[in-house]
Amino acid sequence: MSHDTKTKLVYMANQIATFFKSQPQSEAAQGVATHINKFWDPRMRRQLFEIVENEENGLDALVLQAVPLIRKPEPVTH
């Protein structure tokens, strides 16, 4: 994954989190996860899980809270 792709995905995920921070705290993480599950294709979600594995990933805490609720795509086999 290129640095640009990673930067764009982190930016997009954090923008989603910023929007859902206006929701009740009990619903915010689920809102982030629902949005990503609905609108991000499996490739994007797979890349998000790769980003999460890096400790200094730049992701908002709300995105990290939503990760367990995001559908993890099957690995790509070549």
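The values are calculated or read from the model by the stated rules, or taken from the named source; none is laboratory data. Predicted model, so just to flag it, every value in this text is computed and none were measured. Quick reminder, even Gly has a Cβ in these numbers, built from the backbone with ideal geometry, and neighbours come from all protein chains shown. Just the protein is used for accessible areas: all its heavy atoms, side chains included, with ligands, DNA and RNA removed. Shrake-Rupley method; radii C 1.70, N 1.55, O 1.52, S 1.80 Å.
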Acute angle (nearest 10 degrees) that the helix 3-20 long axis makes with the longest principal axis of the chain, alpha-carbon atoms
20 degrees
Percent of accessible area on the chain owned by carbon and sulfur, 1.4 Å probe?
53 percent
Can you match Kirkwood radius over Cα pairs in Å to one of these, [x] 13.4; [y] 18.7; [z] 12.6, based on a calculation from the structure here?
[z]
I want to make sure I understand the PRE zone here: with the label point 7 angstrom from the Cα of ALA61 toward its beta carbon, which residues in segment 4-39 have backbone N atoms less than 18 Å away?
14-33
Any aspartates and glutamates whose Cα falls less than 15 Å from that of LYS8, other than same-chain ones fewer than 8 residues away, would be ASP41, GLU50, ASP60
For ALA33, what charge total do you get from the other residues with a beta carbon under 12 Å from its beta carbon, if Lys and Arg give +1 and Asp and Glu give -1?
+3
When the helices in the chain are scored as -39500 (n - 2.57) per DSSP H run of 4 or longer and the sum is shared across all residues, what 222 nm value do you end up with, to the nearest 500 deg cm²/dmol?
-20000 deg cm²/dmol
What's the angle, to the nearest 10 degrees (0 to 90), between helix 25-39's Cα axis and the longest principal axis of the chain?
40 degrees
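What's the magnitude of the charge dipole for the chain around its Cα centre, counting Lys and Arg as +1 and Asp and Glu as -1 at the beta-carbon? Answer in Debye, nearest 20.
My answer is approximately 280 debye.
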